[in-house]
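Peer 1: Handing you this structure, nothing more for now.
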Amino acid sequence: MSFITLNRKVHTWVGVVLAVFVTVIGVTGLVLVHKKDLASILRTTEVSGALIPSWYAREMAEKAREIKAVAVGTKELTESALLTGTKAGLMMQQESRWARAGGDLDGVEVTALLATDERWLAGTRWGLFQSLDRGRTWAPIKDGPLGGGKKLEVRTLQLSLLHPRSVWMGTQNGLYRSRDGGAHWEDVSAVLPIDEKSRHVVAIAFAPGHQETVLVGTHNGLYRYNQTSGEVSELGGKQLALLATAAIPRMALDKYLTDLHTGKLFADRLWLLYDITAIGFVLFVGTGLYLWIYPTLARRRRLRLQRGNGGRGCAAIALFLAVLHGGPALAQPAELDTLEQRQSLRLPEVVVDETAISERRRLVDPVPQAETSREEFTIRNNRRAGDVLQRMPGLYLEGPPGERNDVRLRGLDKEFTRIQVDGVQLPGGGEKREFQVNRIPSFMLDRIRIIRNPTAEFESDGLAGRIDIHTRPIPVEPTVEGRVGAGGRGDLDGEILNAALGFGYRPSSWFGIMGAFDYLDNAFERPKQKLFSTGKTEVEDDSEDQVSKNFNLDLGLFYGPGELHLKPLLLDLDKDKQKTKIVRDPSKASTKEQEEEVSSAQTWGIGLGHRHTFASGLTWETLVGYYLTEEDKDKDKLAFKESAGVFAVDKTTVESERKEDRTWNVSTSVAVPFVIGLRQELKFGGAFRSRDRFRDKDALEIDKAGKRKDTTKPKDKYDLLEDYFAAFIQDTVWLTDRISVLPGVRLEHVSLDSRAGDDTRGSRSVTDTNPSVHLLYRFRDDLSLRAAVSRAVNRPKFDELSPFEQDDGKKITVGNPNLDPAKSWNFDAGGEFATARLFLGVNLFYKRISDVIEEVDTGIDKEGKDVFRVQNVGDGWTRGAEIEQRLDLSVTGLDVLGGFMLWANQTFLESAVRDKSGRKRRFKDQPRVIANAGMDYTLASLGTTASIAWNHIGRRKEFKPEGGVRAIKPSSTVDVAVHQRVYKNVALFFEAENVTDEKRIEREKAADGTTSRKVEEAGRTFLLGLEWRF
């Protein structure tokens, strides 16, 4: 057997073994990702003993000897009442025989035990179980705070000395108490500090001489709680920290798949498995390298024999080019890096210029805009479209760090911004006509534009501007790429799971396909604390689990002068939110609220786009689409009042809500190039959209006596039917080769029929004529100057158009179906200078706004209450400057700086709005300064990229109608991303958000002079994973 044949055989069989190993890891990992959804199957399906290695069985036997808890009966003590909790499950001694508990407790690690005359309790890593028949059967307790799908890792169970039937339980996320021997439970975690470590209770004890005292041991210290007075104090403090010993190792047992996936199934042979795997990879790579190089060496020898010594130079060149251009090489560089190396070999400028594609497009477009493309944002930290947008100039995203969803162009409220995807304004569940960009994964995106001052071909709605999102085009060559990662908040504990897969190919000249799927499981924890000048405090624990599944597809048909695209889209977002809020006020009894909200939002639809270019140069484009957004939300809220140091249920509120928003979209346009004295392009077209939206919300309040009250408000139910018609015409005229002017006008007509929950109806039609003029001066090929004037509108919020009348207790609010849209005249002037290594952009803007819609006091008094109504009452203006910079440090000529790119943008804002009372103020939550800065680094030879980005949002204020003022403190966040190629076209990535752990801080001054300070935490976010492209 020749050496090359031996290499091939070793390479083949080692590859087979590794393929089986990786398949097992991958399949079990995929199943475990969906463990919650498959719980019924995984818990009822048993694995045959033939599949369980003998060493695993021996390890289970060792675990059975590792005692975690022991308990005996409290009455009629006999030997048969002995219970022992182990890592291998619950063992019970009955009549001098040991037996293993079956059912739901079979094989589950038991961490705590308590046996009373009423029931036996067993605490596990999966919750609390009870037996009412002395251990014959066991069932989980899922009532009250122990239900709702909450995973409770029970650490300890103790019987109180003060109350014989009072049982205390410590878990990994709180302290619980039962007053009836374990039948019913209440969450008493409020006696502990709000941080996660202090809520991780591991031990409970009672002092014989002080029966009212409960000693609670946590991961953040020891606390003493007096059951009579309600006082809480910390014991030990720093002394305990100094004397702390190493923590006991935590060993989790989670069924057969978990042990197989993590390697625990192999027990002490795990390190041997690692060694064998490492040796296998070395053999696989080594034989693969030899198999790759061998044909090249053989060709080189043949060339030498054919050409003699004179061919050595040619052979060396051939070998060098073979290495550059690859082949079936295991160690071949990534496709992108190979392309960059080839380009840098011939035209060094080309590689750098690829990062300026979007900036070069801006030089020739008369529309004032900002743009970012996939070539730029993939190197940075991004999972959702919001991550990309927040680094662009002229906007910020509202929300706590790491959870910003709502786009605010020019610092204005989200109701002034419109978002379109592939030319279609998707329907959303929000009342302000907004669409949350974080529902769109960045994996699906090709580029994003901010249209600052639109021409007549764009819809006029959205006076702050328009976000234009484009999904990825169909690639000519077969392309498969994806990413998979896991992370968490504060660590890499798996609270965040992200997976994406994209594929595309144009197998023939007439057909192509591009598709992408994205999955994100994101867990949030948002502790909030609000302190008032009166001594009142509000402490809130807010946790949320979001799971989004998104899919888009582009099926393209191509023919000589045109193309047709069919684009299905699905965006699915599920949320499970839990909130606990405790309010303590020196002047009244303390209250507590426990809220659980489950919601589902789904946007789906299909778009059909057609483009045809005739021989004369005329271009006809048409877009047809149908999209539907459905949103369901169920919320349960328990309200408690404190009495004698104990929170008792005061009332229960149950809410159920459904929204639907469906749209039909049709638009068409024709562009005709011609010359009459001057070169021109005339463009005209029309659009139609039918929007059918309804909201149906029911609210029911149940008091402590069981009396039911319907608390549904008129504003909670409405039906809206809105039809939109538009026509436009514009003409681009080139006065010279470098100067063009683009006048245009857009006519829009909107008719609205509305119905409120009390069957009150309204009808309204509005017609707007919106002219625009855009001027472009190409001063040089790398320098453009532009100016633009246009008129825009901002259509009212949906719930404001409903003809409702709602009594809020302190005031009466009335809807207004006769609202006119707010209007603005928009003025922009600026320019861009763009080369391969340097970009500078400046845009100055001014907006004169009229008919601002606000809720105002009408001066009418009804039943002793002020009547408020939304009306067109305000006028105002906003102005600012948007500045952008980009510098490639290779311009310095220093090799050490060759891969560095610096970028930044700054936005400076001013505004004033005068309301009905004549009071002058800034627009709500508009900061004076928004800034971004960052550095990107690329080392193509090693496949290394890194990025660091800084985002700053200035101080924001809101002046409330009743006279109060709310201010949000300036915030600065830092995000980091690193990508490193590890194998061929596979790279390891690490992303970190909010590494400075920035908090959202609000201060508020009420009309009565009361002040408050609210702190909301989001924490740091980390994600680690693999990405690939073939």
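Peer 1: What number, in percent, do you get for the relative contact order of the range 955-1019 if the mean sequence gap of Cα pairs under 8 Å and at least 6 apart is divided by its residue count?
Peer 2: Once normalised by length, the contact order is 30 percent.
Peer 1: Name the residue from Phe416, Pro393, Phe443 whose Cα lies farthest towards the positive end of the charge dipole of the range 386-465, charges +1 on Cβ of Lys and Arg and -1 on Cβ of Asp and Glu.
Peer 2: Pro393
Peer 1: What nm distance separates the two modelled labels at Thr760 and Glu398, each placed 7 Å from Cα along Cα→Cβ?
Peer 2: Placing both labels 7 Å beyond Cα along the Cβ direction yields 2.5 nm.
Peer 1: Here's a follow-up. Spin-label point model (7 Å from Cα, Cβ direction): what's the Val598 to Glu118 distance in nm?
Peer 2: Those two pseudo-labels are separated by 2.9 nm.
Peer 1: Which residue, Thr996, Val974, Leu1026, has the largest displacement toward the positive end of the dipole of the range 962-1030 when charges sit on each Cβ (Lys, Arg +1; Asp, Glu -1)?
Peer 2: The residue sitting farthest along the positive end of the dipole is Leu1026.
Peer 1: Based on the mean of other beta carbon atoms within 10 Å per residue, what is the order of 747-757, 127-137, most packed first?
Peer 2: Averaged packing, sorted descending, gives the order 747-757, 127-137.
Peer 1: About its Cα centre, what dipole magnitude does the range 108-173 give when the only charges are +1 on Lys and Arg Cβ and -1 on Asp and Glu Cβ, stated in debye to the nearest 20?
Peer 2: Here the size comes out at about 120 debye.
Peer 1: Continuing with this model, one more query. Past 27 Å, Cα to Cα, is the threshold; run Lys717/Lys920; Lys414/Lys920; Lys536/Lys916 against it and keep the listed order.
Peer 2: Those over the limit are Lys717/Lys920; Lys536/Lys916.
Peer 1: In addition: With charges only on Cβ, +1 for K and R and -1 for D and E, what is the dipole size of the range 890-1006 about its Cα centre, in debye, rounded to 20?
Peer 2: Value, rounded to 20: 1060 debye.
Peer 1: Here's another thing I want to ask about it. Tell me, what HN-Hα J-couplings in whole Hz come from the Karplus equation 6.51 cos²θ - 1.76 cosθ + 1.60 at θ = phi - 60° for each residue of the range 415-426, using x for Gly and Pro?
Peer 2: Coupling constants for the range 415-426: 5, 9, 10, 10, 10, 10, 10, 6, x, 10, 7, 5 Hz.
Peer 1: Oh, and also: How much net charge surrounds Leu132 when only other residues with a Cβ under 10 Å from its Cβ are counted (Lys, Arg +1; Asp, Glu -1)?
Peer 2: Residues close to Leu132 contribute a combined charge of +1.
Peer 1: May I pose another question? Give me the percent relative contact order of the range 650-728, please, defined on Cα pairs under 8 angstrom at least 6 residues apart.
Peer 2: 35 percent.
Peer 1: Quick one: of Lys579/Lys635; Lys577/Lys635; Lys713/Lys1005, which pairs are farther than 18 Å apart, Cα to Cα?
Peer 2: Lys713/Lys1005
Peer 1: Taking the Cα centre of the range 443-508 as origin, work out the dipole magnitude from +1 charges on Lys and Arg Cβ and -1 charges on Asp and Glu Cβ, in debye rounded to 20.
Peer 2: The calculated dipole for the range 443-508 is roughly 200 debye.
Peer 1: In sequence order, what are the phi-derived ³J(HN,Hα) couplings for the range 718-733 according to the Karplus relation 6.51 cos²θ - 1.76 cosθ + 1.60 with θ = phi - 60°, rounded to whole Hz, with x for glycine and proline?
Peer 2: Ordered by residue, 3J(HN,Hα) equals 7, 10, 10, 10, 10, 10, 10, 10, 8, 9, 9, 8, 8, 9, 8, 10 Hz.
Peer 1: Given R₀ = 51 Å, FRET efficiency for Phe908-Val202 by Cβ-Cβ distance, to 0.05?
Peer 2: Working from the Cβ atoms, E equals 0.45.
Peer 1: Something else: Whose amide H sits under 5 Å from the amide H of Gln369, counting only residues 5 or more places off or on another chain, with H placed in the peptide plane?
Peer 2: It is Arg452, by chain and number.
Peer 1: Past 20 Å, Cα to Cα: identify those pairs from Lys581/Lys1014; Lys865/Lys960; Lys862/Lys957; Lys641/Lys811, in the order given.
Peer 2: Lys862/Lys957; Lys641/Lys811
Peer 1: Under 13 Å between alpha carbons, and skipping anything fewer than 8 positions from Lys847 in its own chain: which aspartates and glutamates qualify?
Peer 2: Asp828, Asp875, Glu910
Peer 1: Using all Cα-Cα distances in the range 369-1029, what percent lands in each 20 angstrom bin from 0 up to the longest?
Peer 2: 16, 52, 29, 4, 0
Peer 1: I've got another one for you. The range 765-820: which trypsin sites (Lys or Arg not before Pro) are DSSP loop and have at most 16 other beta-carbon atoms within 10 angstrom?
Peer 2: The qualifying sites are Lys810.
Peer 1: Name the residue from Pro561, Val672, Leu573 whose Cα lies farthest towards the positive end of the charge dipole of the range 551-705, charges +1 on Cβ of Lys and Arg and -1 on Cβ of Asp and Glu.
Peer 2: Val672
Every number here is computed from the coordinates shown, using simple stated rules; none is lab data. Here the structure is a predicted model, which is why all the values come from computation and not from measurement. Every residue, glycine among them, receives a Cβ derived from its backbone with ideal geometry; neighbour counts consider all protein chains shown.
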